[in-house]
Amino acid sequence: MRVIQVSEAGGSFELREREIPEPAPGEVRVRVQACGVCHSDSYAKEGRFPGVSYPVVPGHEVAGVVDAVGEGVHGWTVGERVGVGWFGGNCGHCEPCRRGDLVNCQNKPIPGVTADGGYADYLVCRAAALARVPDDLPAEEAAPLMCAGVTTFNALRRSGARAGGLVAVLGIGGLGHLGVQFAVRLGFETVAIARGKEKEELAGRLGAHHYIDSEAENVAEALSRLGGAAAILATVTSASAMSAALGGLGARGKLIVVGASGDPLTVTPGQLIGGNRSIHGHASGTSMDSQDTLAFSALTAVRPMIETMPLEQAADAYERMMSNQARFRMVLVTGSS
């Protein structure tokens with residue numbers, strides 16, 4: 001089988017041939033049909049995550065078909081359409097697992113980071129990592145929903161905002177363009193926030209009820225004029241943009257951070273104490289959260305905006321994604337059906 005591997009931190013993508021792996025007990029083999037290219041693939045490519053062992057095959061936005069089932073696996077059969085995301089299954093014995101907090105398992109493998117992922121014709125993963133893919137959702141559209149999709153959908157549905165409440169999505173990129181769609185379909189009065197006027201038309205097509213150009217007006221003041229946001233989903237990687245929006249939260253509003261930034265947020269205690277406001281970090285979700293995301297997307301016609309490339313062009317697809325040339329998600333396709 002073909003794989004695209006990275007042999008060392010900072011190394012190049014290499015096309016290699018490997019033997020097709022056999023699933024161990026508790027594992028399944030997935031025949032990959034499509035794999036999204038995510039900014040987080042840089043964790044494997046550049047060695048920016050603990051536990052990466054080289055050579056490694058990146059890719060944690062996988063859609064495909066169950067190809068083989070290991071001993072002791074129940075509930076999955078060969079031929080079923082499945083997705084695999086950041087959540088690679090949980091151990092069941094660490095404290096977070098024992099408390100039911102599976103997404104924070106201390107021993108979970110991460111496909112494409114600490115275990116081989118989806119830049120390949122096949123991958124092997126724990127059965128607990130699988131999410132079912134609806135029949136009417138094409139593989140290349142399902143793949144990005146396994147990370148960008150579940151991250152935004154899960155954050156919004158757990159935000160505490162009520163239907164009809166004001167919810168803002170900060171940034172209309174790979175995460176934000178999905179966040180806007182989910183917010184609208186979940187029944188929120190949706191505000192899209194981005195830099196410049198050029199994204200206003202796109203925001204409207206995605207269903208946003210309001211658009212704020214962060215270059216032309218004060219974001220916090222604009223949100224306050226609308227009544228204050230019950231939640232702001234921060235998909236950008238700019239800590240300064242998140243900090244600037246914080247004052248636009250309404251009473252008990254939440255700034256939900258899903259965009260990773262290495263810079264600190266600027267916040268005063270008074271901004272949080274007044275109105276009981278809060279800042280929350282949000283991880284992606286479990287395999288069932290991903291399955292919910294896929295089902296909701298199929299039901300409500302939420303779709304990622306994608307560009308596809310064949311597996312062999314993984315380096316080009318990665319470069320387009322990392323340089324923000326893609327609009328909005330790159331997806332590698334294997335040609336398998």
Report the net charge of residues surrounding residue 20, where surrounding means a beta-carbon distance below 9 angstrom and charges are Lys +1, Arg +1, Asp -1, Glu -1.
-2
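Can you put 87, 49 in order of accessible area, largest first, using a 1.4 Å probe?
On the way: 87 10, 49 65 Å².
The residues order as 49, 87, largest area first.
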Rank by packing, highest mean first: peptides 197-209, 104-116, with packing defined as the count of other Cβ atoms within 10 Å averaged across residues.
104-116, 197-209
Dividing the mean separation of Cα pairs under 8 Å (6+ apart) by the residue count of the chain yields a relative contact order in percent of 19 percent
Given the rule -39500 (n - 2.57) for each run of at least 4 DSSP H residues, summed and divided by the residues of the chain, what is its mean residue ellipticity at 222 nm, to the nearest 500 deg cm²/dmol?
-6000 deg cm²/dmol
If the label point sits 7 Å along Cα→Cβ of residue 15, residues of region 308-324 with amide N under 15 Å come out as 309-318
Crossing angle, helix 176-185 versus the chain [Cα axis fit, 0-90 degrees, rounded to tens]
70 degrees
Within the set 275, 262, 59, GNM on the chain using Cα springs under 10 Å gives the largest fluctuation to 262
Distance in Å, no decimals, from the C-alpha centre of region 167-184 to the one of region 212-228 is 16 Å
Taking the Cα atoms only, what angle lies between the long axis of helix 287-300 and the longest principal axis of the chain, rounded to 10 degrees?
70 degrees
Could you let me know the centre-to-centre spacing of region 314-335 and region 87-102, using Cα atoms, in angstrom?
32 Å
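Excluding residue 317 itself, calculate the net charge of residues whose Cβ lies under 14 Å from the Cβ of residue 317, where each Lys or Arg counts +1 and each Asp or Glu counts -1. List each step's numbers first, then the result.
Values: positive: 45, 320, 327, 329; negative: 41, 61, 140, 307, 312, 316, 319.
Residues near residue 317 contribute -3 overall.
If you add up the charges near residue 327, with Lys and Arg at +1 and Asp and Glu at -1, over every other residue whose beta carbon is less than 14 angstrom from its beta carbon, what do you get?
+2
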With a 10 Å cut-off between alpha carbons and a GNM built on the chain, which of 293, 152, 237 moves the most?
237
Percentage of interatomic Cα-Cα distances in region 71-192 larger than 17 Å
65 percent
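The values are calculated or read from the model by the stated rules, or taken from the named source; none is laboratory data. All figures in this text were calculated on a predicted structure; none of them were measured in a lab. Note that each Cβ is placed from the backbone with ideal geometry, even for glycine, and that neighbours are counted across all protein chains shown. SASA here: full protein model, heavy atoms, side chains in, ligands and nucleic acids out. Shrake-Rupley method; radii C 1.70, N 1.55, O 1.52, S 1.80 Å.
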